[in-house]
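Enquirer: Here's a structure for you.
The values are calculated or read from the model by the stated rules, or taken from the named source; none is laboratory data. It should be emphasised that the depicted structure is a prediction, and the values quoted were computed from it without experimental measurement. Backbone-built Cβ (ideal geometry, glycine too); neighbour counts: all protein chains shown.
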Amino acid sequence: MANEPADAAAGGRWPARLLRYLVTLSLVGTVLLMGFGMYSVAIRGWMSCGEAFPMCAGSLIPMLDPGAAQSTGYTATQVYAEWFHRAVAFVTGLVMLGATALAWWRVEGYTLTTWTITLATALLPFEAYLGVVTGVPDPATTLVAIHLVVSYLVLGALAVATGITWWSRGRRSRRHTGHVH
């Protein structure tokens, strides 16, 4: 982590600060995503949205269509849990794409952070594909396991990137205030 500068960024400090927040938001989103996924599986709702992705129970937003959940044979809780899993995946993926773009084009010197967020983002298409192929009745156990392992790889990469960006911030603060701990 010695090559990670203390908020060194092209065009001032705001890109590094924005990167720190986007990477942190990506980490939080991934934790929520995994939580919704586990909850959806626990209540046996992982296939409640059906196979017509991105539709869920015949609607883009089933909460706005009161009859959507009733037409599936699943409870509203099952449909909503799976929909939230998909929605959080979509939003988190966009945030990760933004963080990756920012890391490559506006922030200089965060080499390890740039590569870890890039790794996490590069795994997203494969992870999304695994989500689609496991969202069926009786999915292959191997695919479910790979889906979980890849999600942990994404989580780990984001945790490393988040830790580095906040650690670098702390180094910068101590240098400018004269406090060394």
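Enquirer: I need the full set of residues from region 60-81 which are among the polar types (S, T, N, Q) and buried (at least 18 other Cβ atoms within 10 Å of the Cβ), in order please.
Expert: Going residue by residue through region 60-81, those that are among the polar types (S, T, N, Q) are 70-72, 75, 77-78.
Hits for region 60-81 are Thr72, Gln78.
Enquirer: Of the residues Ala57, Ala99, which is closer than 28 Å to Asp138 by Cβ, hydrophobic (A, V, I, L, M, F, W, C) and either touching a Cys at 6+ places or on another chain (Cβ under 7 Å) or modelled with pLDDT of 95 or more (or both)? Walk me through it before giving the result.
Expert: Numbers: Ala99 fails: closer than 28 Å to Asp138 by Cβ.
Checking each option against the conditions leaves just Ala57.
Enquirer: Determine, yes or no, whether Ala128 is assigned to a helix (DSSP H, G or I), at pLDDT below 95, under 16 Å from the mean Cα position of the chain (by Cα) and surrounded by fewer than 20 Cβ atoms within 10 Å (Cβ to Cβ). It would help to see each step written out before you state the result.
Expert: Numbers: assigned to a helix (DSSP H, G or I): yes; at pLDDT below 95: yes; under 16 Å from the mean Cα position of the chain (by Cα): yes; surrounded by fewer than 20 Cβ atoms within 10 Å (Cβ to Cβ): yes.
Here the answer is yes, as Ala128 does meet what is asked.
Enquirer: Taking the residues in region 23-53 that are crowded, with 20+ Cβ neighbours inside 10 Å, hydrophobic (A, V, I, L, M, F, W, C) and not in a helix (DSSP H, G or I) as candidates, determine which candidate is modelled with the highest pLDDT.
Expert: Trp46
Enquirer: Test Thr113 against the stated conditions and say whether it is in contact (Cβ under 8 Å) with a residue 60 or more places away in the chain and either over 27 Å from Met47 (Cβ atoms) or in a helix (DSSP H, G or I) (or both). Give the steps one after another, and end with the answer.
Expert: Values: in contact (Cβ under 8 Å) with a residue 60 or more places away in the chain: yes; either over 27 Å from Met47 (Cβ atoms) or in a helix (DSSP H, G or I) (or both): yes.
In short, yes.
Enquirer: Related question: Take the conditions surrounded by 16 or more Cβ atoms within 10 Å (Cβ to Cβ) and modelled with pLDDT under 90 and apply them to Tyr110. Does it pass? Steps first, please.
Expert: Details: surrounded by 16 or more Cβ atoms within 10 Å (Cβ to Cβ): yes; modelled with pLDDT under 90: yes.
Spelling it out, Tyr110 is indeed surrounded by 16 or more Cβ atoms within 10 Å (Cβ to Cβ) and modelled with pLDDT under 90.
Enquirer: Let me ask something else. Given the conditions (1) without any contact (Cβ under 8 Å) to a residue 40 or more places away in the chain; (2) touching a Phe, Trp or Tyr at 6+ places or on another chain (Cβ under 9 Å); (3) within 20 Å of Phe126 (Cβ to Cβ), and given that Cys56 satisfies all but one, which numbered condition is not satisfied?
Expert: (3)
Enquirer: Please go through region 77-97 and pick out each residue that is β-branched (Val, Ile, Thr) and touching a residue at least 40 places away in the same chain (Cβ under 8 Å). Walk me through it before giving the result.
Expert: Let us first name the residues in region 77-97 that are β-branched (Val, Ile, Thr), namely 77, 79, 88, 91-92, 95.
Once the filter is applied, which keeps residues that are β-branched (Val, Ile, Thr) and touching a residue at least 40 places away in the same chain (Cβ under 8 Å), region 77-97 yields Val88, Val91, Thr92, Val95.
Enquirer: Quick one: would you say Val144 is touching a Leu at 6+ places or on another chain (Cβ under 8 Å) and either part of a helix (DSSP H, G or I) or loosely packed, with under 15 Cβ neighbours inside 10 Å (or both)? Give the derivation first.
Expert: Details: touching a Leu at 6+ places or on another chain (Cβ under 8 Å): no; either part of a helix (DSSP H, G or I) or loosely packed, with under 15 Cβ neighbours inside 10 Å (or both): yes.
Spelling it out, it is not the case that Val144 is touching a Leu at 6+ places or on another chain (Cβ under 8 Å) and either part of a helix (DSSP H, G or I) or loosely packed, with under 15 Cβ neighbours inside 10 Å (or both).
Enquirer: Do we find a residue being in contact (Cβ under 8 Å) with a residue 60 or more places away in the chain, closer than 26 Å to Ala159 by Cα and among the basic types (Lys, Arg) anywhere in region 98-106?
Expert: yes
Enquirer: Also, quick follow-up: Would you mind telling me which numbered condition in (1) within 24 Å of Ala57 (Cβ to Cβ); (2) hydroxyl-bearing (Ser, Thr, Tyr); (3) out of contact with any helix residue (DSSP H, G or I) (no Cβ under 9 Å at 6 or more places or on another chain); (4) at pLDDT 95 or above Thr142 fails?
Expert: All conditions are met except number (1).
Enquirer: Related question: Name every residue in region 54-100 that is farther than 18 Å from Val41 by Cα and part of a loop (DSSP other than H, G, I, E, B), in order of residue number. Show your work before the answer.
Expert: Start the filter on region 54-100 by keeping residues that are farther than 18 Å from Val41 by Cα, which leaves 54-55, 58-68, 70-71, 90-100.
Across region 54-100, the qualifying residues are Pro54, Met55, Gly58, Leu60, Ile61, Asp65, Pro66, Gly67, Ala68.
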